[in-house]
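This report refers to the structure that appears directly beneath it.
Bear in mind these aren't lab numbers, they're just calculated from the coordinates by the rules spelled out. These numbers come from a predicted model, not from an experiment. Ideal geometry is used to build each Cβ from the backbone, glycine not excepted, and the neighbour counts take in all protein chains shown.
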Amino acid sequence: MPTRRRALLILAALAGLAVLSIALALMAGSINIPISEVVSALFGTQESMAGEVVRSLRLPRALAGFACGGLLALAGSLLQVLLRNPLADPYVLGISGGAGVGALVALLFGFGLAGINGSAFLGALAAMLVVFGLAHGDGSWTQTRLLLTGVIVAAGCGAMVALMLSIAPDEKLRGMLFWLMGDLSQANDPGLVLGVLAAVLLLALPFSRELNLLTRGADMAQTLGVQVNRLRRGVYLAASLATAAAVTQAGSIGFIGLIVPHLVRLAVGNDQRLLLPASALAGGSLLVIADTLARTVIAPQQLPVGVLTALIGVPAFLFLLTRDSQRRR
């Protein structure tokens with residue numbers, strides 16, 4: 001089968017998986033709703049309790065989960081190109097830590113949902129500016145310098161998070177911990193994150209050729225006419241904004257930005273024209289499935305979705321490490 005046809009079939013299969021994952025999220029829960037009633041709720045005009053649950057509760061949460069998962073996977077793909085490191089993910093540069101500090105400050109002072117989201121986004125942007133400013137320094141810019149700066153900023157944010165958890169009153173501690181472990185229960189307005197996902201993807205795809213060249217090294221890319229410094233800044237900005245939007249909406253959810261690009265790369269190769277949209281589809285589907293499990297495993301209680309993504313991601317990551325080691329041997 002030609003490579004192009006195979007890649008298109010994989011994209012179609014991932015799109016089908018995305019639709020199925022959202023359909024499953026709309027059906028499953030503390031009250032199971034048959035698919036016929038789900039379709040009637042989405043496309044009909046009849047009012048019912050099942051229709052209200054689907055339209056007002058489950059659909060916004062599923063769409064927000066898909067957008068956040070897609071943003072994290074897309075950011076992971078971009079950062080792995082930027083740093084030329086297959087172990088890079090959206091949290092390695094301290095963006096999640098900055099968002100966590102902002103959100104916990106808002107929770108500590110009793111802000112509402114809008115205040116928490118706004119503070120988390122401002123914290124993520126502040127961390128992004130600090131990392132980029134320190135890494136840029138006197139004008140020099142290397143992958144190693146950016147990575148080390150991000151690790152240091154993430155460690156500082158982690159210390160601030162630990163400090164706030166230690167002084168938080170008991171009645172606020174549970175909500176703070178749930179946010180840190182990832183929680184989509186407050187995701188009732190998916191329009192913004194869906195728009196950010198579409199915007200980042202549409203902005204990144206026209207630069208797929210340049211990104212393919214960048215994976216071969218900055219010197220070769222520059223020799224072939226790529227404006228490497230401008231491309232690096234654009235990739236870092238896009239990945240940081242994608243991470244900030246996802247973390248603001250869903251809290252700290254790990255491993256999606258690390259594992260999904262790896263798995264997708266095994267299927268479609270390293271061509272960014274296919275890898276970027278495939279990662280967005282796969283990451284969104286994975287987070288929707290994980291959130292559905294988080295809602296149903298011990299229903300009516302809910303688990304933090306970040307716990308389930310970690311339980312899925314750790315074995316997958318160990319498998320990829322073992323596979324890569326065996327291949328090198």
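A simple packing score, the average count of other Cβ atoms within 10 Å per residue, orders the peptides 60-67, 216-223, 260-267 as 60-67, 260-267, 216-223, with the highest score first.
For the stretch 59-71, putting each phi into the Karplus relation 6.51 cos²θ - 1.76 cosθ + 1.60 with θ = phi - 60° gives couplings of 5, x, 5, 5, 5, 5, x, 5, 5, 5, x, x, 5 Hz, in residue order, rounded to whole numbers and with x for Gly and Pro.
The phi-based Karplus calculation (6.51 cos²θ - 1.76 cosθ + 1.60; θ = phi - 60°) puts the 3J(HN,Hα) values of the stretch 103-111 at 5, 5, 4, 5, 5, 5, 9, x, 5 Hz, whole numbers, x for Gly and Pro. Put simply, the Cα atoms of the stretch 74-188 extend 46, 27, 21 Å along their principal axes, the longest span coming first.
Normalising the Debye intensity of the stretch 1-153 to I(0), with uniform scatterers on Cα atoms only, and taking log10 at q = 0.08 Å⁻¹ returns -0.39.
Residue separation times 0.36 nm, minus the C-alpha to C-alpha distance between Thr3 and Leu163: what's the value? Could the numbers behind the result be given before it?
Values: separation 160, 0.36 × 160 = 57.60 nm, distance 5.22 nm.
The span from Thr3 to Leu163 would gain 52.4 nm if fully extended.
For the chain, the 222 nm mean residue ellipticity estimated from helices alone, with every DSSP H stretch of n ≥ 4 adding -39500 (n - 2.57) and the total spread over all residues, rounds to -25500 deg cm²/dmol.
Computed from phi, the 3J(HN,Hα) profile of the stretch 186-200 under the Karplus parametrisation 6.51, -1.76, 1.60 (θ = phi - 60°) reads 9, 7, 10, 9, x, x, 5, 5, 5, x, 5, 4, 4, 5, 5 Hz, with x in place of Gly and Pro.
Taking N as the number of residues in the stretch 3-328, what is its alpha-carbon radius of gyration divided by 2.2 N^0.38 Å?
Normalised Rg, Cα atoms only: 1.00.
Given in Å, the Rg to one decimal and the Dmax to the nearest whole number for the Cα atoms of the stretch 164-226 are 20.9, 59.
In the stretch 3-328, Cα pairs under 8 Å separated by at least six residues give a relative contact order of 31 percent.
When each of the peptides 164-170, 69-75 is scored by how many other beta carbons lie within 10 Å of its residues on average, the order from highest to lowest is 69-75, 164-170. With the biggest extent put first, the Cα atoms of the stretch 199-329 measure 58, 40, 19 Å across the principal axes.
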